[in-house]
Amino acid sequence: MTQIRIHGRGGQGVVTAAELIAIAAFFDGQEAQAFPSFGVERTGAPIEAFARIDNKPIRTREHIYHPNILIIQDPTLLGTVDVTKGCDKNTKVIINSAKDITDLKINLPIKNIFVLDATAIALEEIGRNIVNTIILGALSRNTGIITLESLKKAIKQKFALKGEEIINKNIKAITKAYETNS
């Protein structure tokens, strides 16, 4: 089972990112679940969301304490929240940051850390600083747990009521993230 923990702030689409991972996994023929962890937090407060993917039914419903993959949507959390709690030397980290990997304060092996300036892509392609879909392009590229094609289908399904323009912008953005991140 692959367990994914996503860190971000309220209003950044953290929960939607987890849902998109699960939907894409379903399109890839896997079992999946996604769920948030937050209380009365407000926009801007640190939150977490979780996703699990497996090739057999997933029975557990607890939080993810030892993720295989860690996604950090907001790099300002690095100095304020222990985002790496429960991670080990094999945990893969996908982080939104304009900084060089050596400048990030993450006490995990550099070979497992993938940095993408998702904010720049979001502003360029979507016109807003919402990085949740973009970071998933990097997730697909660097982990292979979901395919880019299934991620595109998940975006079409999840954003169907938001209209073609939003869908197309997000698909263009995730494709750019996928193609530029390695």
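The values are calculated or read from the model by the stated rules, or taken from the named source; none is laboratory data. The structure presented is a predicted model; accordingly, all values stated were derived computationally and were not measured. Here the Cβ is made from the backbone with ideal geometry for all residues, glycine too, and neighbour counts use every protein chain on show.
Condition check: closer than 25 Å to I171 by Cβ and assigned to a loop (DSSP other than H, G, I, E, B). Does A98 satisfy that? Show your work before the answer.
Working: closer than 25 Å to I171 by Cβ: yes; assigned to a loop (DSSP other than H, G, I, E, B): yes.
Yes, satisfied.
Listed here are the residues, each with its yes/no results for (1) in a helix (DSSP H, G or I); (2) surrounded by fewer than 24 Cβ atoms within 10 Å (Cβ to Cβ); (3) of a type outside the set (S, T, N, Q).
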{"position": "I4", "(1), (2), (3)": "no, no, yes"}
{"position": "E19", "(1), (2), (3)": "yes, yes, yes"}
{"position": "A25", "(1), (2), (3)": "yes, no, yes"}
{"position": "G29", "(1), (2), (3)": "no, yes, yes"}
{"position": "Q33", "(1), (2), (3)": "no, yes, no"}
{"position": "I58", "(1), (2), (3)": "no, yes, yes"}
{"position": "L78", "(1), (2), (3)": "yes, yes, yes"}
Inset, instruction - Identify all residues within the range 131-152 that are in contact with a helix residue (DSSP H, G or I) (Cβ under 7 Å, 6 or more places away or on another chain), farther than 18 Å from F50 by Cα and buried (at least 17 other Cβ atoms within 10 Å of the Cβ); write none if there are none. - result: R141, L148, S150, K152
Inset, instruction - Report whether or not A51 is of a type in the set (G, A, S) and touching a helix residue (DSSP H, G or I) at 6+ places or on another chain (Cβ under 8 Å). - result: yes
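Just to be sure, is V115 assigned to a loop (DSSP other than H, G, I, E, B) and within 28 Å of I155 (Cα to Cα)? Reasoning before the result, please.
Working: assigned to a loop (DSSP other than H, G, I, E, B): no; within 28 Å of I155 (Cα to Cα): yes.
Criteria not met by V115.
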Legend entry - the range 93-113 residues that are of a type in the set (D, E), paired with ones that are not in a helix (DSSP H, G or I) (beta carbon under 9 Å, 6 or more apart): D100/V115; D103/S97
Legend entry - Residue that is surrounded by the most Cβ atoms within 10 Å (Cβ to Cβ), among those in the range 80-107 that are in contact with a strand residue (DSSP E or B) (Cβ under 9 Å, 6 or more places away or on another chain) and modelled with pLDDT under 90: I106
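If you take the residues in the range 141-182 that are assigned to a helix (DSSP H, G or I) and of a type in the set (G, A, S), which one is farthest from the chain's Cα centre (by Cα)? If you could, list the steps in order and put the result at the bottom.
Just the residues of the range 141-182 that are assigned to a helix (DSSP H, G or I), to begin with: 141-143, 148-158, 160-162, 164-180.
Applying the additional criterion that residues be of a type in the set (G, A, S) yields 150, 154, 160, 173, 177.
On the way: S150: 15, A154: 13, A160: 20, A173: 14, A177: 12 Å.
Step by step, filter the range 141-182, then rank; the result is A160.
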